Amino acid sequence: MSAPSVRPVSEREARQVAEAAREQDWKKPSFAKELFLGRFRLDLIHPHPSPAVEDVRRGEEFLSKLRDFCETRIDSARIEREAQIPDETIDGLKELGALGMKIDTKYGGLGLTQVYYNKALALVGSASPAIGALLSAHQSIGVPQPLKLFGTQEQRDTFLPRCARTDISAFLLTEPDVGSDPARLATLAVPDGDDYILDGVKLWTTNGVVADLLVVMARVPRSEGHKGGITAFVVEAASEGVTVENRNAFMGLRGLENGVTRFHQVRVPAAHRIGPEGAGLKIALTTLNTGRLSLPAMCVGAGKWCLKIAREWSTVREQWGRPIARHEAVGSKIAFIAATTFALEAVVDLSSQMADEDRNDIRIEAALAKLYGSEMGWLMADELVQIRGGRGFETAASLAARGERAVPAEQILRDLRINRIFEGSSEIMHLLIAREAVDAHLSVAGDLIDPEKTLGDKARAGARAGGFYARWLPKLVTGPGQLPRTYAEFHPPGHRDLSGHLRFAERSSRKLARSTFYAMSRWQGRLETKQGFLGRIVDIGAELFAISAACVRAEALRAEGDHGTEAYQLADAFCRQSRIRVEELFGRLWTNTDELDRKVVSSVMSGAYEWLERGVVDPSGEGPWIADATPGPSKAENVHRPVH
């Protein structure tokens, strides 16, 4: 069997491709960007922005209809049992308008705001995570969002009405041997007159099995009249030469319509190209700026459900004469779920409202929400399984068969696990956010650590850096977080004191910026290889963002008279839990086993520890680690099944 036809690239070329796809400019303020620079700009998020009255009316009206649909027409147990969303359920979602939640009303969509779109995903995702994934992949990264941002008017007029009511879309980037390193993309789109000829194989095409329309990323070769590069196309899934070769099965999300799609000599009109040639990755990343909010939104829904089950179960289940919730070992888990759900909802709602207002650049906030939400969602589900004990490990169907309530705790654990990988793994998210966090430093001092720059370039960079750091570093010494009465509005009479948590966040923001500067000074160009350090920097930033969002949301709820006392209590609990994690992360910046771990990994990879693997058998089947993706005609049956 021949090897996958993946284009070999150097590390530098891969980095250049990723860098070119980044949004280079910061035209709007960013709370998170300032946070990493040691500037705690609370004014960018407080007072909490509020949605327009008409947006609330339309959003709540749809949520009411969607809740009724979820309660009466979604059979989550059937989806889990049959590993498929019934066609009648998908048809019902189409009739409800759920395919067009984010599409403008002039194209037949509902025109919901990001806030209400995310609330809808949290709701439907609690009924069935597979349906949440279908709707999210269709609207957050599928055809509607790229066309909204980059499409021509003709493309919007042609495709958006279809996406709003009848057609399901999918996003195809990943290939069998190409994940988060798109420089190696092998799928080709060769110009041919007014068309492109598409050849290649795409893996893990969420919605691909049932999709009518595809957003496909392919490489256009450079030629006369063609700039070339990774380019985005809208492709009709029913086009000749498009074959869905396999419907993939997973640990969780059993109803997910995810497959392997092969393109062989597929003719795509140039009019279906999104944006110019070479803009594909930039389109994908820009689309994800808000698209990434869908996953943490569904993690909020999962947290709410985990809290409900934990509360109900821990009230009726007794051990040693009292409900298990009254035992500290279990109670601490419930407190973690409650506080974290509150904070995560605060992060998602705040980021979503800022996206709707479009006054701030939220690329870092959305990435932090995705990273933090997926990690915390998994932890909350894991704690629920532990609280449920043996019943947490037992399937809902088995519980029902022996006469108990069919609580799918083990299912939510399996369903949530993919969120730490979907739309950028946690490891990749750490690196993406870290790159944005050090952007200001690289802008002024990047040439100093670039081995390919001339002495003249380095001299000019040194002058720029000297001026920047002369102004910036002194501001990291003191700040409002050291004044005892700062943020006094967060300590209203009769409520818990949240002002101290915001002062902590301000002080920690400056400490975070100083730590980043020390690391750049110490490691210079090698900083990018210190992924353990960078990951902890990002995790600290995520916690500080969550602390800030939780406090701001609590104050907003108090001002509105909506469970203010309880919100302050939850925010206080979360902030205290988070501060412990922040202090631990700061300690691990400089005291860790990173260097030793690298040596152990080197020994593992050299085979020095193969003796440790003895004493077991490997039940894995035969076959290559990575499937052959050589372009050519399909030899498999087409399992594409559009739902109409």
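The values are calculated or read from the model by the stated rules, or taken from the named source; none is laboratory data. Just so we're clear, the structure is a prediction, and the values are computed from it rather than from any experiment. As a convention, Cβ positions derive from the backbone with ideal geometry for all residues, glycine included, and neighbour counts pool all protein chains shown. These area figures cover heavy atoms from the full protein model, side chains too; ligands, DNA and RNA do not enter into them. Shrake-Rupley method; radii C 1.70, N 1.55, O 1.52, S 1.80 Å.
Along the chain, the longest continuous region that contains none of the trypsin sites (Lys or Arg not before Pro) in a DSSP loop with at most 13 other C-beta atoms within 10 Å is 28-221. Calculated FRET efficiency, Glu595 to Ser425, Cβ-Cβ distance, R0 = 30 Å: about 0.80 to the nearest 0.05.
On the accessible surface of the chain, probed at 1.4 Å, how many percent belong to carbon and sulfur atoms?
Working: 15740 of 29110 Å².
Accessible surface attributable to carbon and sulfur in the chain totals 54 percent.
For the chain, the mean residue ellipticity at 222 nm estimated from helices alone is -17000 deg cm²/dmol, where every DSSP H run of n ≥ 4 contributes -39500 (n - 2.57) and the total is divided by all residues, rounded to the nearest 500.
Each of Arg402 and Trp611 was given a label point 7 Å from its Cα along the Cα-to-Cβ line. The distance between the two points is 4.5 nm. A straight Cα-to-Cα reach below 17 Å connects Lys511 with the aspartates and glutamates Glu34, Asp539, Glu543, Glu583, Glu584, residues fewer than 8 places away in its own chain not being considered. Listed options for Kirkwood radius over Cα pairs in Å are (1) 26.3; (2) 38.7; (3) 27.4. The value calculated from this structure is the one marked (1).
What's the longest piece of the chain with no exposed GluC sites (Glu not before Pro), counting a site as exposed if DSSP puts it in a loop and it has at most 10 other beta carbons within 10 Å? Before the final figure, lay out each step's value.
Values: sites that count: Glu224, Glu240, Glu452, Glu622, Glu637.
Here the longest run is 1-223.
Computed over the range 130-280, the Cα gyration tensor eigenvalues convert (square root of 5λ each) into semi-axes of 23, 18, 13 Å, ordered from largest to smallest.
Assuming 0.36 nm per residue, please report the length gained on full extension of the stretch Asp195 to Ser603 beyond their Cα-Cα distance.
Numbers: separation 408, 0.36 × 408 = 146.88 nm, distance 5.13 nm.
That works out to 141.8 nm of additional length.
So if I take the alpha carbon set of the range 525-589, get Rg, then get Rh from the Kirkwood formula, what is the Rg over Rh ratio? Walk me through the numbers on the way to the answer.
On the way: Rg = 15.5 Å, Rh = 13.1 Å.
A ratio of 1.18.
Once the convex hull of all Cα atoms in the range 19-148 is built, its volume per residue stands at 170 Å³.
Modelling each spin label as a point 7 Å along the Cα-to-Cβ direction, I'd like the Thr315/Ser332 distance in nm, to one decimal. Each label point lies 7 Å from its Cα, and together they span 2.5 nm.
Tally Lys/Arg at +1 and Asp/Glu at -1 over every other residue whose Cβ is under 10 Å from the Cβ of Ala271; what's the total?
Working: positive: Arg273; negative: Glu154, Asp194, Asp195.
For residues surrounding Ala271, the net value is -2.
The length gained on full extension between Asp87 and Glu566, counted as 0.36 nm times the residue separation minus their Cα-Cα distance, comes to 168.2 nm.
Contact order for the range 273-352, expressed relative to its length and based on alpha carbon pairs under 8 Å spaced 6+ residues apart, stands at 34 percent.
Considering only protein heavy atoms, what per residue accessible area in square angstrom results for the chain with a 1.4 angstrom probe? Can you show the working numbers first?
On the way: 29110 Å² over 644 residues.
The answer is 45 Å² per residue.
Return a whole-number percent for the relative contact order of the chain, with Cα pairs under 8 Å and 6 or more residues apart as the contact set. If you can, show how the numbers build up before the last one.
Details: 1060 pairs, mean separation 113.6, N = 644.
Relative contact order of the chain: 18 percent.
The listed residues Trp26, Trp472, Trp611, Trp523, once ranked by accessible area (1.4 Å probe) with the largest placed first, stand as Trp611, Trp26, Trp523, Trp472.
Once you've got the Cα coordinates, tell me which of Lys28/Lys304; Lys27/Lys475; Lys28/Lys106; Lys33/Lys202 are over 26 Å apart.
Details: Lys28/Lys304 33 Å; Lys27/Lys475 23 Å; Lys28/Lys106 28 Å; Lys33/Lys202 34 Å.
With Cα atoms farther than 26 Å apart: Lys28/Lys304; Lys28/Lys106; Lys33/Lys202.
Counting only lysines at least 8 places from Lys102 when in the same chain, those with an alpha carbon closer than 22 Å to its own are Lys65, Lys94, Lys119, Lys148, Lys282, Lys370.
In the range 199-291, what chymotrypsin sites (Phe, Trp or Tyr not before Pro) fall in a loop by DSSP, with at most 16 other Cβ atoms inside 10 Å? Present the calculation step by step, with values, prior to reporting the outcome.
Numbers: sites: Trp204, Phe233, Phe250, Phe263; in loops: Phe250.
Sites meeting the loop and neighbour criteria: Phe250.
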